Amino acid sequence: MCPQESSFQPSQFLLLVGIPVASALLLVQCLRWYCSRWLLGTCLKPDGQEEPVSPSTPLPEYDAPRQCPPATLPEIAAFYQELHMPTQGQTIIRQLMNKLLVFSAREVDHRGGCLILQDTGISLHIPPGAVAVGRQERVSLILVWDLSDAPSLSRSQGLVSPVVACGPHGASFLQPCTLTFKHCAQQPSYARTYSSDTSLLDAKAWRPLGRPGAHTSLDECRILLSHFSLYTCVLEAPVGQAARKWLQLAVFCSPLVPGQSHLQLRVYFLNNTPCALQWAVTNEQPHGGRLRGPCQLFDFTGARGDQCLKLKYISEGWENVDDSSSQLVPHLHIWHGKCPFRSFCFRRKAVNENEDCSASTNEIIVTMHTFQDGLETKYMEILRFQASEEESWAAPPPVSQPPLCNRLPPELFEQLQMLLEPNSITGNDWRRLASHLGLCGMKIRFLSCQRSPAAAILELFEEQNGSLQELYDLMTAMERLDCASVIQNYLSQTPRGSPGPARGAALENQGLELDEKL
């Protein structure tokens with residue numbers, strides 16, 4: 001081989017091998033850069049800029065939702081700012097950061113105060129002296145309707161209360177505050193309160209708070225708080241014992257209007273707590289569903305099988321559209337408090353020329369049985385559901401306006417409600433006040449079925465045009481000096497003759513003075 005030929009060999013090698021290799025590496029690098037940019041754009045592109053895609057398949061019932069991108073610091077700050085903004089005594093229902101929340105907030109000073117979530121049985125009492133003199137603290141009370149925030153439970157554990165958060169997280173006071181919420185455990189001694197010492201947006205770390213039954217009465221949890229966090233109640237039966245809880249069965253449907261060919265009926269299996277029923281009411285609002293009749297109690301045990309719902313009777317002129325007249329609800333969906341429901345769809349039968357069904361199809365009557373699998377002989381009959389073409393669905397008949405009555409100030413009303421609501425062993429609670437107002441045993445039993453018996457009896461006192469002086473005298477006669485002291489404190493803080501806030505009407509109780517005997 002000549003020298004000239006050997007001198008050209010490296011350059012030929014670079015041309016034949018080096019350039020293709022370099023081109024391939026450059027192409028790979030470009031693809032990696034393009035793919036990473038495309039993936040990043042897909043994840044961060046705002047909803048309004050996404051290209052049209054086919055609707056995704058809905059998630060199966062009770063599956064965990066897909067993970068959302070982490071929230072930014074401004075989003076987190078806005079989330080907590082809205083939760084802690086004073087709501088002027090109102091209860092707010094809103095979806096924030098993919099969480100459905102019910103909350104109320106207010107400012108509290110050294111005189112203390114209370115927060116009540118309307119129609120949920122949840123309250124927070126900050127006693128006098130809990131906040132230092134000269135300071136004001138914003139506090140919030142939050143009901144969490146997001147099931148992903150509940151504790152992870154075993155098959156033997158049952159969720160028997162809502163998840164409640166007190167904010168701001170980690171806040172502490174000079175005096176312990178009292179958190180109160182309802183539970184549905186049949187054996188209160190088996191119910192254990194849990195706490196997660198985390199903020200609402202962080203991953204939860206649930207731990208038992210004291211021994212079982214330490215904070216529970218017949219149907220209520222009362223917790224003295226050293227600092228604010230998240231709380232709930234879990235049913236844990238001892239080994240060899242059967243754990244049971246009370247359910248409430250609620251039936252919803254939309255109005256039956258003339259000419260309507262189909263009607264869907266939904267039966268919810270809810271914990272027997274006020275907030276669970278309110279969740280169902282809120283869930284039905286977008287569909288126009290309304291509660292039909294009173295809820296029914298059901299004895300549900302954690303040691304049995306799935307819940308069965310059977311259609312037993314449909315009135316003439318209607319038929320069941322569904323393939324089956326029987327539906328099952330998984331046991332754990334009810335036991336873990338997921339508020340499941342089952343629905344039936346009905347349609348009007350075709351009317352024959354020689355048959356007049358107009359009289360039978362302008363209403364529908366349905367009877368169903370429900371029982372746990374294996375206990376069919378111990379079924380519960382859901383009271384006959386009936387819907388008719390009533391004009392009252394669309395517009396209730398006008399009612400005469402009742403005469404104006406004295407109204408307790410909102411803050412005073414809430415404080416008295418919270419003090420009188422818990423059942424006392426001696427009966428010196430709202431029931432004693434009802435007796436002083438002249439109510440008999442039957443009426444008192446009726447009030448006990450209300451969501452808040454204490455609120456109902458206070459409203460009855462208002463309707464009787466009672467004054468604050470009369471209410472103070474009643475509380476003194478009942479030896480409820482805590483309630484009497486609340487009334488006296490309110491009057492001592494209200495300037496003589498000042499207008500003051502009232503609940504729905506002009507306040508006529510201002511300017512009253514009490515003897516300085518307390």
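Brief remarks follow.
- Looking across region 151-178, the residues that are of a type outside the set (Ser, Thr, Tyr), under 18 Å from the mean Cα position of the chain (by Cα) and either more than 16 Å from residue 223 (Cβ to Cβ) or in a loop (DSSP other than H, G, I, E, B) (or both) come down to 151, 158, 159, 160, 162.
- For region 147-189, the set of residues classified as of a type in the set (Ser, Thr, Tyr) and in contact with a Ser or Thr (Cβ under 9 Å, 6 or more places away or on another chain) consists of 161, 172, 178, 180, 189, listed by residue number.
- For the condition touching a residue at least 12 places away in the same chain (Cβ under 8 Å) and in contact with a Cys (Cβ under 6 Å, 6 or more places away or on another chain), residue 195 does not qualify.
- Hits in region 291-330 - residues which are assigned to a strand (DSSP E or B), farther than 24 Å from residue 238 by Cα and either of a type in the set (Gly, Ala, Ser) or under 31 Å from the mean Cα position of the chain (by Cα) (or both): 291, 296, 297, 308, 309, 310, 311, 326, 327, 328, 329
- If the condition is being among the aliphatic types (A, V, I, L, M) and in a loop (DSSP other than H, G, I, E, B), then region 135-150 contributes only 150.
- Criterion (touching a Leu at 6+ places or on another chain (Cβ under 6 Å) and either without any contact (Cβ under 8 Å) to a residue 24 or more places away in the chain or open to solvent by 20 Å² or more (accessible area, probe 1.4 Å) (or both)) met by exactly one of 87, 72, 91: 91
- Options 265, 235: the member that is under 22 Å from residue 180 (Cβ atoms), in contact with a Phe, Trp or Tyr (Cβ under 9 Å, 6 or more places away or on another chain) and in contact (Cβ under 8 Å) with a residue 60 or more places away in the chain: 235
- In region 233-286, residue modelled with the lowest pLDDT [restricted to those that are open to solvent by less than 30 Å² (accessible area, probe 1.4 Å) and aromatic (Phe, Trp, Tyr)]: 252
- Residue match in region 101-113 (condition: under 22 Å from residue 232 (Cα atoms), open to solvent by 20 Å² or more (accessible area, probe 1.4 Å) and among the polar types (S, T, N, Q)): no
- Counting the residues of region 165-185 that are out of contact with any helix residue (DSSP H, G or I) (no Cβ under 9 Å at 6 or more places or on another chain) and buried (at least 19 other Cβ atoms within 10 Å of the Cβ) gives 6.
The values are calculated or read from the model by the stated rules, or taken from the named source; none is laboratory data. The structure displayed is predicted, hence computed values, not measured ones. Reconstructed Cβ throughout: ideal geometry from the backbone, glycine too, with neighbour counts over all protein chains shown. For the accessible areas, the whole protein counts, side chains as well, though only heavy atoms, and no ligand, DNA or RNA atoms are used. Shrake-Rupley method; radii C 1.70, N 1.55, O 1.52, S 1.80 Å.
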